[in-house]
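Written out below as structure tokens is the structure these notes cover.
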Amino acid sequence: MSRMIKGAPLLFVKVEKLAVTPIYRQIEGQIRNAILTGIIKPGLRLPASRVLARDIGVSRPTIVQVYEYLSFEGFLETRRGAGTFVSRTLPNYIPPKSIQQESTELRNNPATNPLSIIGAKFADLKPSMNRAPFAAFLPNVPAFDQFPISRWQKIRSRCLRLNRTNLLGYEDSAGFMPLRCSIAEYLAVHRGDHCNPEQILIVPGATFAFHLAVMLLTNPGDKVWLEDPGPDGVRLMLKTLGRKVINLDVERDGMDVMGGISKHGDARLAFTMPSRQHPLGVTLSLTKRLTLLDWAQKNKSWIIEDDYDSEFRYSGRPLASMRSIDTTKSVIYVGTFSKSLFPSLRIGYLVLPESLIRAFRNATGTMARSVSTLDQATLAQFITEGHFSAYIRQMHSLYSSRRVLFTELAKQKLSGLLDVEVPDSGMNAIGWLPLGTNDTAICEKLRDAGLYTFPLSLFRDRPSNRAGLVMGFAGTNEVEMRKKIALLAAVLENSDISQCMENS
């Protein structure tokens, strides 16, 4: 019988058999980390594969696979007749500092190789609240459980089966032409906006579209009109890129266009959400739309139209887009499927004036190459076969009923706690708090109870004593909504609002 090769026991190796990570990957990672951190030293002999397999309760082929892969990476070496050893060629390694200690030192000491001015500004940004886990009443969240995932998967599989060679490669930087044609047809029918598919540019989401437009249409130091309260992500982007944000009040009929013209008429760009302003939910009046277009033409400025939540209007038909009445060719229309379908799809689009097509296409090709061709083809078929329109109708009906229930429950349970205002479009409501309340503190109390809302102050750039909560109703089903409204009322009743005043 051959002599059993012994080695140091690896007592630190633990296996979680129910974990998502495969067992061999768990063992690889633990041994690799032990070598890198100096727990086991160069030249140390490891236990035979059979011994280690027995010790931790896995099969011997699993350990053989681990040893072979770590040997391939250079962490281990096998000596015939002697066993498996930690490679002697590894450099001496100082165990790493804790992440917390390292982060503290990075904050306190300037980097040897510093970031650019813009890079430093991005590094200073606070994490976005949009990364909160889903829970009632997280704003801007569609009813994920209602999405026809099986139909989507069948279309995706069919597209791949019929056109695998083309769909697995890169697409034209302007986007998949069948999708651009489908979007053009949809806009003509549902938004009153007739455009040539050549004017449509497919991009990885609306955020990318905004960055692209700001970079190509403005220079650092240029003035940009923005509604206040308004989209916090756009405001942060503008400031980080060195643009001068001109905050304009949001009135009952939308952005204070005349205020912008009288005080900052030399702005290069106006960013507006005419169909449904976020977060307040108001609509830009026709008079203000025409005034804005006239200003853009006379000033040779541009308008970005963010068509936010335009599909979900509960009184009357969806409004025509502002681009559809633009004879000045000053409007860049931005649309997305994040709210109408699901945000991880990461497909947005711009409708461009002809004069901008070349620059925007070339810039997109340089920065993003193309959005997933397979996803574009799937979406194109989803629209062409009528599934998109049918789904929008279904969600419109569902969100409308949830909106009604939310309104009724708010009147019953939240009266005297929140003055709830539910706009006639979109997926969110506003809950007004007493003047001077610290709405961020209230949101934190709600979050501790498992309820997610956004403070209205998050969307403001200027101080205001008008506080509120932005609450989503579309993604919460009826049973859950009743429970969570009751919980919301209970948390507010048990919170001393007077202690959450700004000056307390």
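Structure notes:
- The requirement of being polar (S, T, N, Q), buried (at least 20 other Cβ atoms within 10 Å of the Cβ) and in contact (Cβ under 8 Å) with a residue 24 or more places away in the chain is satisfied by Gln376.
- Of all residues making up the range 257-276, the number that are modelled with pLDDT of 90 or more, outside any helix (DSSP H, G or I) and not aliphatic (A, V, I, L, M): 6
- Restricting the range 130-140 to residues that are at pLDDT 85 or above and out of contact with any Lys or Arg (no Cβ under 9 Å at 6 or more places or on another chain), the residue that is surrounded by the most Cβ atoms within 10 Å (Cβ to Cβ): Pro139
- Residue match in the range 67-85 (condition: outside any loop (DSSP other than H, G, I, E, B) and among the small types (Gly, Ala, Ser)): yes
Matching residues to (1) part of a loop (DSSP other than H, G, I, E, B); (2) within 22 Å of Ala82 (Cα to Cα); (3) out of contact with any helix residue (DSSP H, G or I) (no Cβ under 9 Å at 6 or more places or on another chain); (4) not assigned by TED's automatic domain parsing to the domain that holds Val66:
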position: Ala8; (1), (2), (3), (4): yes, yes, yes, no
position: Leu18; (1), (2), (3), (4): yes, no, yes, no
position: Tyr24; (1), (2), (3), (4): no, no, no, no
position: Glu28; (1), (2), (3), (4): no, yes, no, no
position: Ile31; (1), (2), (3), (4): no, yes, no, no
position: Pro42; (1), (2), (3), (4): yes, yes, no, no
position: Pro47; (1), (2), (3), (4): yes, yes, no, no
position: Arg50; (1), (2), (3), (4): no, yes, no, no
position: Ala53; (1), (2), (3), (4): no, yes, no, no
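- Residues (at pLDDT below 80 and within 14 Å of Arg235 (Cβ to Cβ)) located in the range 113-129: Leu125, Lys126, Ser128, Met129
- Residue check, Glu311 without any contact (Cβ under 8 Å) to a residue 40 or more places away in the chain and closer than 29 Å to Phe147 by Cβ: no
- Qualifying residue in the range 285-301 (condition: in a loop (DSSP other than H, G, I, E, B) and surrounded by 24 or more Cβ atoms within 10 Å (Cβ to Cβ)): no
- Residues being surrounded by fewer than 19 Cβ atoms within 10 Å (Cβ to Cβ), over 24 Å from the mean Cα position of the chain (by Cα) and not in a strand (DSSP E or B) - total across the range 423-440: 4
- Scanning the range 403-422 for residues that are in a helix (DSSP H, G or I) and within 26 Å of the chain's Cα centre (by Cα) returns Arg403, Phe406.
- Look at the range 408-432: where a residue is within 20 Å of Leu398 (Cα to Cα) and a partner is assigned to a loop (DSSP other than H, G, I, E, B) and β-branched (Val, Ile, Thr), sitting 6+ places away or on another chain with Cβ atoms under 6 Å, you get Ala429/Val422.
- Contact map, the range 170-195: residues that are closer than 16 Å to Ile325 by Cβ and in the same structural domain as Leu345 (by TED's automatic domain parsing) paired with residues that are of a type in the set (Val, Ile, Thr) and in a helix (DSSP H, G or I), Cβ distance under 7 Å, separation 6+ or inter-chain. No pairs are found.
- In the range 442-453, the condition of being within 21 Å of Leu405 (Cα to Cα) and among the basic types (Lys, Arg) is met by no residue.
- Being within 23 Å of Glu171 (Cα to Cα), touching a Phe, Trp or Tyr at 6+ places or on another chain (Cβ under 9 Å), in a helix (DSSP H, G or I) and at pLDDT 90 or above is a property that Phe388 has.
- Answer residue from the range 1-17, given it is at pLDDT below 85 and of a type in the set (Lys, Arg) and is surrounded by the most Cβ atoms within 10 Å (Cβ to Cβ) among those: Lys6
- Scan of the range 250-283 for residues that are charged (D, E, K, R) and in contact with a Lys or Arg (Cβ under 9 Å, 6 or more places away or on another chain), ordered by number: Glu251, Asp253, Asp256, Asp266, Arg268, Arg276
- Here the condition is being closer than 26 Å to His396 by Cα, assigned by TED's automatic domain parsing to the domain that holds Thr373, out of contact with any Asp or Glu (no Cβ under 6 Å at 6 or more places or on another chain) and part of a helix (DSSP H, G or I); of Ser310, Ser324, Ser344, it holds for Ser344 alone.
- Taking residues in the range 249-269 that are without any contact (Cβ under 8 Å) to a residue 12 or more places away in the chain and closer than 16 Å to Thr287 by Cβ, and partners anywhere that are of a type in the set (Lys, Arg) and surrounded by 14 or more Cβ atoms within 10 Å (Cβ to Cβ), the pairs with Cβ atoms closer than 9 Å and at least 6 places apart or on different chains are Asp256/Lys288.
- Subset of the range 18-33 that is among the aliphatic types (A, V, I, L, M) and crowded, with 18+ Cβ neighbours inside 10 Å - its residue that is farthest from Arg88 (Cα to Cα): Ile23
The values are calculated or read from the model by the stated rules, or taken from the named source; none is laboratory data. Quick caveat: nothing in here was measured; it's all calculated off a predicted structure. Backbone-built Cβ (ideal geometry, glycine too); neighbour counts: all protein chains shown.
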